[in-house]
Each structure stands twice: as C-alpha cells, then as structure tokens.
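Each remark here refers to the structure printed beneath this line.
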Amino acid sequence: MIFSFFLGSVFVVSMGDILSDQESLLRIKSELEDPYGILENWTSETNFCSWNGVTCSNDQVHVVSLNLSGSGLTGSIPPQLSQLTSLEMVDFSRNSLTGLIAPYLGELQELRELLLFSNFLSGAIPAEIGLLKKLQVLRIGDNLLTGQVVPNFGNLTELRVLGLAYCQLNGSIPQDIGKLKNLLSLDLQHNNLDGLIPQEIGGCFSLQNFAASNNRLEGNIPTSIGELESLEILNLANNSLSGEIPAKLGSNLKYLNLQGNEFGGEIPAELNQLSQLEVLDLSNNNLSGAINLSNSQMKNLQALVLSDNFLTGSITENLCIRDSKFQQIFLARNNLSCNFPLGILNCSSLQQLDLSGNNFQGSLPSGLENLEKLTDLLLNNNSFSGTLPPEIGNMSSLVSFYLFDNMISGGIPSEIGKLQSLSILYLYDNQMSGIIPIELTNCSTLTEIDFTGNHFTGSIPATIGRLQNLSFLQLRQNGLSGSIPPSLGYCRKLRILVLSDNKMSGTLPPTLRFLSELLMFSLYNNSFEGPLPESLSLLKKLRIVNLSHNKFTGSLSALTSSNSLTLLDLTNNSFSGLIPSSLAMSKNLTRLRLANNLLTGNIPPQLGQLKELYFLDLSFNNLGGELAPELSGLRKLKHLLLNNNTFSGPVPTWLGSVEELGELDLSFNNFTGTVPPELGNCSGLLKLSLCSNTISGKIPPEIGKLTSLNVLNLQKNNLSGPIPEIIQQCKKLYELRLSENNLSGSIPSQLGTLTDLQVILDLSKNSLSGEIPSSLGNLEKLERLNLSFNHLEGKVPSSLGKLSSLHRLNLSNNNLQGQLPATFSGFPLSSFLNNDNLCGPPLLSCWEPAKHVKKELSGNAIMGIIVAIVFTSTVICLALLYIMLRIWSNWREVSISCSENGGTEYKREDKKWVYGEDVKISITEEFWDKNTLALVPSQKKQINSSVHNMHFPAL
C-alpha cells in the first residue's frame, strides 16, 4: 500500500511537470506572432515533444531544446521561457523579435547554447547572463543592443563561442575576457567599442578566431596575441590601431586582416614565416618602404592586399614563384615604380591583379598572356607607355581590363576580338589613335566600353550591333567622324550612350527607338543635324539628354515623352516651335537648358509643376509674353536665365518667393514696371541682371538685403532717383553696373565700403551730380571705373590715384576741375575729355594764376623779354635778305655764262630749256633736303662743270 502511494505520488508529480512544460510552451505561443504558421501544431491535443522546434529529453518528460530559428516570429522573448528549466539549447535567431533580453534567462542553469542573433532586440546585455555556468555558445549579435560588454562574462568559463557582432555596443573590451580559457571564437566586429585591446586576451589559450573589425579600438596590438598558438583568424580591420605591426602574430594564422588602421613603418619580414597564411590584408594604412614578402616561404598565400599605403620601390622577383597558389594581388594606390613587375607573370593561378594608382612605367610585356586564369587586370592611373601588345588576345579568361589614365599610344590590336569573356574595357585618357577595330564587335560579352579622351578616328564600327550585352558606351573626346551606325539600335541593353566631343555628323538613325533601356543620351559638341526622329518618343526611361552644340532643327517634342527626365540640355542648336508643355510630366527634372535656339511662344505655365527644377536657361531665343504666375511653383530654382528674348510686362513680384534663387538674368528683353522690392527676399542671390529693358522707378532699398550679391547689372533702363545708400550692405559685390539710366543725386560715399568691387563700377550716362567721393579710393581691387556723361563737379580725389589695379578709367563729359592725380598720366586723353577746367597729364599742364605771373615778370624781366624778341626778329630778317641776294647773284652768273657760249635755245612751243644734248632741266626736279633745309638739285640732272660746282647756301 505504501508502495502504491509512492508510485501515485511520482505519477502526480511527473504529470505536474509535463503539464508545466506544455503549459509554458502554449503560453510562449500566445506571446508570439506566427505569420507563417510554424507553431500551428502546438496544441493540447498532441504530445508537445512532437511540436515544431521542440526537443525533449530521452524520457520525453522535459524540454531540452527549443529551436525556432528563421520562423518569421515577432514579439518579445516570452518570460515563460524561464520556466523550462531543463533547456540546454535555445535558438530564436533570424526572426523579428523586439524588446529586451530578459534577465530571467539567467535562471536557465542547464543552458549550453543561447542563439538570439539577427533579430531587433535592444537594450543592454543583462548581467544575469554571467550566471549561466554551463554556457558554451552565446550568439546574440546582429541586434540593436547597446551598452557595454558586461565584465562578468569572465565567469562563463565553459564558453567556446561568444558572438556580439553587428550591434551598437560601446565601451572597452573587458579585461576579464582573458579568463575564458576554453574560448575558441570571439566576434566583436561592427560595434562602437573603443580603448585598447587588453593584454589579458593572451589568456584565451584556445582562441582560434578573434574578430574585432569596424570598431574604434586604438593603441598597439598587444604582444600577448603573438602567444596565441591556436589563432587562425585575426581580423582587426577598420579601427584606429597604430604603431608598427608586431613581428610575432601566432605561427598558425591563416587569415590576417589589419586594413583600415593607422599602422606605420615597414612590413615586418617576420610575416614570411607564416607558412599557413592564406589571406594577408594590410591595405589602407600608413605603411612605407619596400614590399619584402616572398611567396617562396608563404606558399599557401592566396590573397595579398597592400593597397592604399605609401609603399615604394619595385616588386621583387620572388614575390610570386611558379606553381604558387596566388589568386589575388592588390597593390593599388601606393608609390611603387619601375617597369611592369615581370615576376608576377610566374603566378599562373592568378585571377585578379590590381597595380593601379602607382608610378609604373614602360611598356606592357607580351608575357601577360601567361596569366591564362586572370579575370581582372587593373593597370589604370600609372605611366605605362608604348602600345597595347597583341598577345593580350590570348588572355582568354579576361573579364575586366582597366588601362585608363596612362600614356598608351598606337591602336587597339585586332586580336582583342579573341577575348570572348571580356565584359569591361576601359581605355580612356590615353594617347591611343587609329580606328576602332571591327574585331572588337566579336567580343559578344562586352557590357562596358569607355574610350574617352584618346585620338581615335574614323567611324564607329558598323557591326557594333553585335554587342547585344552592351550597357555602357562612352567614346567622348576623340576625333570620330561619320554618322551613328543604325546597328547601334540593336544594342537593346544599352543604358549609357555618350558620343560627345567628336566630329560626327548626319542625322540620327530611327533604329535608336529600340534602345528602350537608355538612361543617358549625350551627343554634345558634334555636327549632327536634321530633325529628331519622332520614334525617340519611345525611349520612356531617358533621364539625362544632352544634345547641345549641334545643328539639330525642328521640334524638340520627341524628347519630352519620358517622364523620368532629370536633365535636358539642347543649347546652341536650331530647334524651333514652342516649348512642349509635356515637359511638366518629368517631375524629377532638375536642369532644363534650351538656350541659343529659335524657340517661340511663351513659357508654358505647366512648367511651374517642376518642383525639383533648379536650373532653367531659355536665353537667346524668340520667346515672349509675360511670365505666368504659375511659374512661382519653381521654389527650388537657383538659376533663371531668360535674357535675350522678347519677354514683356512687369518683372514678376513672385520671383521674391523663389528664395533659393542664386542667378537671375532677365536682360535684353522688354520688361517694364519697377524693380520689385520682393527680390530682397532672395537672400542667396549672387547675380541680378535686368539690363537693357524699359524698367523705371527707383532702385528699391530692399536691394540692400542681397548680402550675397556678386553682380548687379541694371544698366540701360529708365531708372530714376538716387543710388540708395543701403547698397553698402552688398559687401560681396565685385561688379556694379548702373549706367544709361536717369539716376540723379550724388554718388553715395558708402560705395567706398564695397571693397570687393573688382570687375567694374559703371555709373556713366546718368544725371549724377556733386563731387566724386574720396572713399572710392578704398576700392583697391577695382579694375574699371566709368563715371562719364554725368554732372559731376569739383576736383578728382587724390585717393583715386592709389587704385593700383585700375586699368580703365573714364571721367569724361562732366564738370570736373583741378589737377589730375599724377598716376593718371598713363590713361588716354579720352578718359578726361569735356571737363573744361581739368588739367594735368595727359591733359595740358596746369598754369599758375595770372596775377602771380605778373608779379614775377614785372620790371626789368619784361623789358629783357621785349629786347630779346626784337633782336631775334632782326637777325632772322637780315639772314633771309642775305640768302635772297646770294640766290639772285648765282642765277645771274649762270645766265651770263650760257649767253656767252651760245648753246641755249628757248623753244616757246614746248616751254623747255635745252642744254647740250637735249637734257631737260625743270625747277620741279629740285627738292628740299630735309636734313639741311637747303634747296638741292635732283640727282637726275646732268649739267656742265660750271653748273655742277654751283653752291647754294643753306638757309
């Protein structure tokens, strides 16, 4: 009977335990959202040991494992979990659980594995976790956990795996971590941990994996890490660690990643002793010196990454030995030099080679063909020269080839057509020339081609349509000619097409309508002509279109069918007709440039719906009418250029509501009315040009609010009234033009505070009066000053003579007087004309007052001057009389001599003097010697000796 009672008691207790675990599980189910029905079979009608995710003990009495990983569960961790006291493993990873990690989990004393990673759990790690003495695996990373790594983790002496990565933990790594003698894996990466790596980590004798990358750790790597003989993975990338890389880092390392730190000095040669090392990444540090690593010792090395350091010298021949296991060598962006490292050609298993961003030079070796397994070759941004070796065609595995920004010359070898795996070919910014070989179109796997900035000529291969996988084609800045081949339309995957800055011509082929994936279409700076094919309206995905600087004609409506446009630039063509209102459908349009065309009509009011538009240039067209108020919706507009059209009506006041406006040019139109004071609200305005309109009224004082203004041009209007003094607040002005208006009053002295004025200060052709303010002499940067055609008076301030940068000056047509500053002598006379009382170089010299002269020249001085004048006149008269007498006397002697010889006959019929053998003598054959002022005979005369010796006295 006692035995029966004992059995019954055991049965009741056991049933109570079963009910307890089952009830706890059902309550756990009630606390969770189960969108995928994983917990559907958790019902009281079935044995809970058969429920999904539940594992019971061998006697089917207790729950020992609960695995609901990846079940899509939401909610928080149920508190009833703590009632399952026999649990050895809990896996709630890869769900969407929220809330805190509950402290009551510390009651699960049998727990060996707790996996809560990849959820949305938040808050701090509870200290009660340190009570789980039997815990071997704790993985709670990839959550939103904050706070510090709790020090009592050091109590978990059985712990093998500690995973706290991808959280928001801060603070330092606790020193107690060194108590975990059995720890195999410590993953702390992608947190906000700072401070030093504790020296005590060397107590984790069994540690195989230590990952603490992407934190803010600093200081040196502790030497104790070198004592971890079992360490295979050391990842401390992307921290702020400094100092030199330790010579000893454990002899069994297979993976060493120290990239993205501040390590300096040379690469320690002792790293060559890491014979098991497979991956070495020391990139993005401050390492210097030569690369002294040898593949002959590190025979298992597969990846060497040393990019973004300050390494110098050449690459040693023994870096890579034959039959090595090298698959990746990345040495980009260092200061390595010399020719192409031929030792790398021994790496027959190499798949990726990056030597970009160094100082390598010389030609490319033909032995590149030895790298038969190479898929990616990056040689860009060096100084390689010579031609592209034809042997490149034997690199049959090549997928991407980057050779841009070198000095490669010559043509593209036709052998490149043998690269049937080639996907990316970047040859831009070299000195290559010749035609694009038609064999290139045999590379059917090509997706990206960029030949920008070379000297290629000829036409685009007619068979380019074979490249049906091509998505990116950029041939900008070459000398290509001819038209776009129609077959290009069959590159149906093309997304980027840039043929700008060439010599191409002709019309666009209608086959372009097949480029339905095209996002960017750029043909600027060519000679394309004719109307756009209407079929371009089928290109619904177009975002960027730039056809500027060509000869296109007709309507631009074919380009307005895409609702995805962000940039449309058709500047400098001959498009005509109206601006299509359908442009308003491109809600993301940011830049619209239609300048220098033949467009007519008004601006469609619908364009006001372009809420993202910040650049609108419609200048140099035949557009007219008033600006519609709907355009006030362009609230993000920064550049509005409407100059050189025929717009009319008042300048809209709504422009003042476009507060981000930085450039407003309405010049050369027919705007009337006044300058709207509301423009003062555009506080970011840099340029305001309203010149050559018929705007009247005063300059509003609100102009002083434009404190960022650089250029103010209001010339050639009908503005009146004074120049507002408040303009002095526009401290950043470097160009001010107010000429050809009806401005009156004096020049405000406050203009002298605009010390950034440099390009010009032009106030000419107004009705300004008063004196020139001396404060203008403070404008030391000013290069041009024009105050002409006003009513200015008084003296020119001497301070203006200090304007050392001034190279153009015009003060003409005023009422100025007095002496000019001496430094103005270098300016032309025209700069000062029509100022009656102005003197000094380059004008006439300034004389002293008449009264003062009389005082100095009275008495004997005046008498002396008179005597001197009379004496000089007498001498001149006597000299002239003497000369006349001598001339008469000489002619008389000649005449008498000729009469006595009888050899001269005067013939009335032809009025000639004949002497001897018909030699003609004419008084017109005499000339005045400019050096002696004497009348001398012409050298053409032939006279006898008596005449030849005749002497004429000098005057």
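Name the residue, out of Gln302, Gln297, that is without any contact (Cβ under 8 Å) to a residue 40 or more places away in the chain and more than 24 Å from Asn358 (Cβ to Cβ). Walk me through it before giving the result.
On the way: Gln302 fails: more than 24 Å from Asn358 (Cβ to Cβ).
After ruling out the rest, the residue left standing is Gln297.
Against the condition under 46 Å from the mean Cα position of the chain (by Cα), surrounded by fewer than 17 Cβ atoms within 10 Å (Cβ to Cβ) and touching a residue at least 12 places away in the same chain (Cβ under 8 Å), how does Ser788 come out, does it pass? Before the answer, list the steps.
Values: under 46 Å from the mean Cα position of the chain (by Cα): yes; surrounded by fewer than 17 Cβ atoms within 10 Å (Cβ to Cβ): no; touching a residue at least 12 places away in the same chain (Cβ under 8 Å): yes.
Taking the combined requirement at face value, the residue does not satisfy it.
Quick test of your reading of the structure: Phe48 fulfils all but one of (1) in contact with an Asp or Glu (Cβ under 8 Å, 6 or more places away or on another chain); (2) open to solvent by 10 Å² or more (accessible area, probe 1.4 Å); (3) not charged (D, E, K, R). Name the failing condition by number.
It is condition (2) that Phe48 fails.
So if I check each of Gly72, Gly106, which one is modelled with pLDDT of 95 or more and open to solvent by less than 50 Å² (accessible area, probe 1.4 Å)?
That would be Gly72, the only listed residue that is modelled with pLDDT of 95 or more and open to solvent by less than 50 Å² (accessible area, probe 1.4 Å).
Here is a check on your reading of the model: is Gly458 open to solvent by less than 50 Å² (accessible area, probe 1.4 Å), among the small types (Gly, Ala, Ser), closer than 19 Å to Leu364 by Cα and in contact with a strand residue (DSSP E or B) (Cβ under 6 Å, 6 or more places away or on another chain)? Full working, then the answer.
Working: open to solvent by less than 50 Å² (accessible area, probe 1.4 Å): yes; among the small types (Gly, Ala, Ser): yes; closer than 19 Å to Leu364 by Cα: no; in contact with a strand residue (DSSP E or B) (Cβ under 6 Å, 6 or more places away or on another chain): yes.
When the stated conditions are applied, Gly458 does not pass them.
Out of the stretch 464-493, which residues are farther than 17 Å from Tyr428 by Cβ, part of a loop (DSSP other than H, G, I, E, B) and not basic (Lys, Arg)?
Step one: list which residues in the stretch 464-493 are farther than 17 Å from Tyr428 by Cβ, which gives 464-469, 481-493.
Restricting the remaining residues to those that are part of a loop (DSSP other than H, G, I, E, B) gives 467-469, 481-485, 491-493.
Passing the criteria: Leu467, Gln468, Asn469, Ser481, Gly482, Ser483, Ile484, Pro485, Cys491.
Being free of Cβ contacts under 8 Å to residues at least 40 places away in the same chain and more than 23 Å from Asn693 (Cβ to Cβ) is the filter here, so list the residues in the stretch 733-755 that pass it.
Across the stretch 733-755, the qualifying residues are Ser746, Pro748, Ser749, Gln750, Leu751, Gly752, Thr753, Leu754, Thr755.
Could you please give the count of residues in the stretch 581-605 that are in a strand (DSSP E or B) and more than 19 Å from Ala628 (Cβ to Cβ)? Can you show your working first?
Start the filter on the stretch 581-605 by keeping residues that are in a strand (DSSP E or B), which leaves 591-593, 598-601.
Filter once more, keeping what is more than 19 Å from Ala628 (Cβ to Cβ): 591, 593, 598.
Here the count works out to 3.
Identify the single condition in (1) closer than 19 Å to Leu688 by Cα; (2) open to solvent by 10 Å² or more (accessible area, probe 1.4 Å); (3) touching a Ser or Thr at 6+ places or on another chain (Cβ under 8 Å) that Lys638 does not satisfy, given that it satisfies every other one.
(3)
I'm checking my understanding of the structure. Among residues of the stretch 594-617 that are open to solvent by less than 60 Å² (accessible area, probe 1.4 Å) and within 21 Å of Ser527 (Cα to Cα), which one is farthest from the chain's Cα centre (by Cα)? Walk me through it before giving the result.
Residues of the stretch 594-617 open to solvent by less than 60 Å² (accessible area, probe 1.4 Å): 594-595, 597, 599-601, 603-605, 607-608, 610, 613, 615-617.
Within this subset, residues satisfying the condition of being within 21 Å of Ser527 (Cα to Cα) are 594-595, 597, 599.
Numbers: Leu594: 23, Ala595: 24, Asn597: 28, Leu599: 32 Å.
Filtering the stretch 594-617 for residues that are open to solvent by less than 60 Å² (accessible area, probe 1.4 Å) and within 21 Å of Ser527 (Cα to Cα), the one farthest from the chain's Cα centre (by Cα) comes out as Leu599.
May I ask you to verify whether Gly202 is over 43 Å from the mean Cα position of the chain (by Cα), on the phi > 0 side of the Ramachandran plot and either among the hydroxyl-bearing types (Ser, Thr, Tyr) or open to solvent by less than 50 Å² (accessible area, probe 1.4 Å) (or both)? Please lay out each step first, then the result.
Values: over 43 Å from the mean Cα position of the chain (by Cα): yes; on the phi > 0 side of the Ramachandran plot: no; either among the hydroxyl-bearing types (Ser, Thr, Tyr) or open to solvent by less than 50 Å² (accessible area, probe 1.4 Å) (or both): yes.
When the stated conditions are applied, Gly202 does not pass them.
I'd like to check something: does the stretch 792-803 contain any residue that is farther than 19 Å from Leu757 by Cβ and basic (Lys, Arg)?
There is at least one residue in the stretch 792-803 that is farther than 19 Å from Leu757 by Cβ and basic (Lys, Arg).
Working only within the stretch 192-230, note down all residues that are touching a Lys or Arg at 6+ places or on another chain (Cβ under 9 Å) and assigned to a loop (DSSP other than H, G, I, E, B). Show your work before the answer.
Step one: of the stretch 192-230, the residues touching a Lys or Arg at 6+ places or on another chain (Cβ under 9 Å) are 192-195, 200, 203-206, 223, 225-227.
Listed by number, the residues that qualify are Asn192, Leu193, Cys204, Phe205, Ser206.
Give, as residue ranges, the strands (runs of 3 or more DSSP E) completely inside the stretch 651-737 that count at least 2 residues that are surrounded by fewer than 20 Cβ atoms within 10 Å (Cβ to Cβ) and modelled with pLDDT of 95 or more. Lay out the reasoning, then the answer.
Numbers: elements: 663-665, 670-672, 687-689, 711-713, 718-721, 735-737.
Fully inside the stretch 651-737 and qualifying: 670-672, 718-721.
Per-residue answers, yes or no, for (1) under 28 Å from Pro437 (Cβ atoms); (2) part of a loop (DSSP other than H, G, I, E, B):
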| residue | (1), (2) |
| --- | --- |
| Leu311 | no, no |
| Ile315 | no, yes |
| Leu345 | yes, no |
| Asn359 | no, yes |
| Thr387 | yes, yes |
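Give all pairs with beta carbons closer than 7 Å in which a residue from the stretch 197-210 that is free of Cβ contacts under 8 Å to residues at least 60 places away in the same chain and among the charged types (D, E, K, R) meets a residue that is part of a helix (DSSP H, G or I) and surrounded by fewer than 16 Cβ atoms within 10 Å (Cβ to Cβ); count only pairs at least 6 apart in sequence or on separate chains.
These pairs meet every condition: Glu200/Gln175.
Within the stretch 288-310, work out how many residues are of a type in the set (A, V, I, L, M, F, W, C), in contact with a strand residue (DSSP E or B) (Cβ under 6 Å, 6 or more places away or on another chain) and surrounded by 23 or more Cβ atoms within 10 Å (Cβ to Cβ).
Of the residues in that region, 1 qualify.
How many residues are among the charged types (D, E, K, R) and assigned to a loop (DSSP other than H, G, I, E, B) when one looks only at the stretch 787-841? Step through it out loud before you land on a result.
Pass one, the stretch 787-841, residues among the charged types (D, E, K, R): 793, 795, 802, 808, 836.
Pick out the ones that are also assigned to a loop (DSSP other than H, G, I, E, B) and you get 836.
Residues meeting the conditions: 1.
Is it the case that some residue within the stretch 324-332 is under 33 Å from the mean Cα position of the chain (by Cα) and part of a loop (DSSP other than H, G, I, E, B)?
Yes; the residues of the stretch 324-332 include at least one that is under 33 Å from the mean Cα position of the chain (by Cα) and part of a loop (DSSP other than H, G, I, E, B).
Within the stretch 71-97, track down each residue that is of a type in the set (Val, Ile, Thr) and touching a Gly at 6+ places or on another chain (Cβ under 7 Å).
Within the stretch 71-97, Ile77 is the sole residue that qualifies.
Working carefully through the options Asn209, Asn215, find the one that is open to solvent by 10 Å² or more (accessible area, probe 1.4 Å), modelled with pLDDT of 95 or more and either closer than 20 Å to Gln136 by Cα or of a type in the set (Gly, Ala, Ser) (or both). If you could, list the steps in order and put the result at the bottom.
Values: Asn215 fails: either closer than 20 Å to Gln136 by Cα or of a type in the set (Gly, Ala, Ser) (or both).
On inspection, the qualifying residue turns out to be Asn209.
Kindly list the number of the only condition in (1) surrounded by 15 or more Cβ atoms within 10 Å (Cβ to Cβ); (2) closer than 30 Å to Ala290 by Cα; (3) under 35 Å from the mean Cα position of the chain (by Cα) that fails for Asn191.
Status for Asn191: all satisfied but (2).
Would you mention how many residues in the stretch 497-535 are at pLDDT below 95 and buried (at least 17 other Cβ atoms within 10 Å of the Cβ)?
The qualifying residues number 0.
Within the stretch 530-549, which residues are more than 23 Å from Thr590 (Cβ to Cβ) and either part of a loop (DSSP other than H, G, I, E, B) or not charged (D, E, K, R) (or both)?
As a first pass, look at the stretch 530-549 and keep what is more than 23 Å from Thr590 (Cβ to Cβ): 530-531, 533-535, 538.
The answer is Gly530, Pro531, Pro533, Ser535, Leu538.
Which residues, counting only those in the stretch 49-70, are over 13 Å from Lys29 (Cα atoms) and assigned to a loop (DSSP other than H, G, I, E, B)?
Residues satisfying the conditions are Ser57, Asn58, Asp59, Gln60, Val61, His62, Ser69, Gly70.
Inside the stretch 255-287, can you point out the residues that are part of a loop (DSSP other than H, G, I, E, B), more than 36 Å from the chain's Cα centre (by Cα) and surrounded by 18 or more Cβ atoms within 10 Å (Cβ to Cβ)?
Scanning the stretch 255-287 gives Leu274, Leu277.
Looking at Asp405, Asp376, can you tell me which residue is open to solvent by 10 Å² or more (accessible area, probe 1.4 Å), out of contact with any strand residue (DSSP E or B) (no Cβ under 8 Å at 6 or more places or on another chain) and not aromatic (Phe, Trp, Tyr)? So that I can check it myself, show each step before the final result.
Details: Asp376 fails: out of contact with any strand residue (DSSP E or B) (no Cβ under 8 Å at 6 or more places or on another chain).
Exactly one of Asp405, Asp376 is open to solvent by 10 Å² or more (accessible area, probe 1.4 Å), out of contact with any strand residue (DSSP E or B) (no Cβ under 8 Å at 6 or more places or on another chain) and not aromatic (Phe, Trp, Tyr), namely Asp405.
When Ser118 is evaluated against the numbered criteria (1) in a strand (DSSP E or B); (2) crowded, with 18+ Cβ neighbours inside 10 Å; (3) among the small types (Gly, Ala, Ser), which criterion, by number, is the only one it fails?
Tallying (1) in a strand (DSSP E or B); (2) crowded, with 18+ Cβ neighbours inside 10 Å; (3) among the small types (Gly, Ala, Ser), Ser118 fails exactly one: (1).
The values are calculated or read from the model by the stated rules, or taken from the named source; none is laboratory data. Worth saying up front: this structure is predicted, and the values here are computed from it rather than measured. Glycine gets a Cβ as well: all are built from the backbone with ideal geometry, and neighbour counts include every protein chain shown. The protein model used for the area step is the full one, side chains on, heavy atoms only, and it has no ligands, DNA or RNA in it. Shrake-Rupley method; radii C 1.70, N 1.55, O 1.52, S 1.80 Å.
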